[in-house]
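Engineer: Before I ask anything, let me first share the structure, which is written out below as structure tokens.
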Amino acid sequence: MPTQPERAAQFAALGDPQRLRLVETLAARGDASISDLSSGAGVTRQAVTRHLKVLEGAGLVKGAMRGREHVWALDAAGLASAEAEFERLKAAWRQRLARLKLLVEGE
């Protein structure tokens with residue numbers, strides 16, 4: 001289980017619209033170069049690179065050199081960790097809402 005700072009980094013990374021778009025693009029396309037990810041995105045290659053570095057620091061993507069290109073891919077382990085955290089939070093909220101329902105309905 002990731003530490004609290006690691007979980008916070010994942011949520012912060014996914015909280016930015018451009019970074020979330022990059023994750024969605026990688027999920028839909030698979031591995032992609034910075035050129036591919038910046039094409040038609042309305043942001044510079046440098047901005048895409050900065051966003052990818054944040055996502056990499058949060059453990060959500062991995063970058064590797066393939067020839068002369070830097071290619072990025074989703075990090076399955078990091079995404080599984082984030083998903084587990086979302087599931088944990090969802091379960092906690094369901095529990096709280098169930099208690100609230102009991103309280104409101106007087107049971």
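Engineer: Would you mind ranking 104, 43 so that the residue whose beta carbon has the fewest other beta carbons within 10 Å leads the list?
Structural biologist: Sorted ascending by nearby Cβ count, the order is 104, 43.
Engineer: OK, next. With +1 on each Lys and Arg Cβ and -1 on each Asp and Glu Cβ, how big is the dipole of the chain about its Cα centre, in debye rounded to the nearest 20?
Structural biologist: Rounded to the nearest 20 debye, it is 160 debye.
Engineer: Mind checking which of 89, 55, 37 has the largest fluctuation in a GNM of the chain, springs on alpha carbons under 10 Å?
Structural biologist: Sorting by GNM fluctuation, first place goes to 89.
Engineer: Let me ask something else. If a/c stays under 1.5 just call it rounded; otherwise compare a/b with b/c (prolate if a/b is bigger, oblate if not). Do that for the chain, with a ≥ b ≥ c from the square roots of the Cα gyration tensor eigenvalues.
Structural biologist: Prolate, because a/c is 1.5 or more and a/b exceeds b/c.
Engineer: Cut-off 10 angstrom, C-alpha nodes, Gaussian network model of the chain. Which of 95, 46, 18 fluctuates the most?
Structural biologist: Between 95, 46, 18, it is 95 that shows the largest mean-square fluctuation.
Engineer: Treating cross-link reach as a plain straight distance, find the lysines whose alpha-carbon is under 25 Å from the alpha-carbon of residue 101, omitting any fewer than eight places away in the same chain.
Structural biologist: 90
Engineer: A follow-up question, please. Treat each spin label as a single point 7 Å out from the Cα along the C-beta direction, and report the residue 88 to residue 8 distance in nm.
Structural biologist: The modelled label-to-label distance comes out at 1.5 nm.
Engineer: Run the numbers for residue 73 and residue 53: contour at 0.36 nm per residue of separation, minus the present Cα-Cα distance, in nm.
Structural biologist: Additional length available on full extension: 6.0 nm.
Engineer: Residue 62: which lysines have alpha carbons under 18 Å from its alpha carbon, excluding same-chain residues fewer than 8 sequence positions away?
Structural biologist: 53
Engineer: Within the chain, which complete DSSP H helices have Cα atoms spanning at least 27 Å along the helix axis and a mean Kyte-Doolittle hydropathy of -1.0 or higher?
Structural biologist: 76-105
Engineer: From the residues 97, 54, 79, which one has its Cα farthest along the dipole of the chain in the positive direction, the dipole being from +1 and -1 charges on Cβ of Lys/Arg and Asp/Glu about the Cα centre?
Structural biologist: The residue sitting most towards the positive pole is 54.
Only the coordinates and a few stated rules stand behind these numbers; no lab work does. Keep in mind the model is a prediction, meaning the values are calculated, not measured. All Cβ positions, glycine included, derive from the backbone under ideal geometry; neighbour counts span all protein chains shown.
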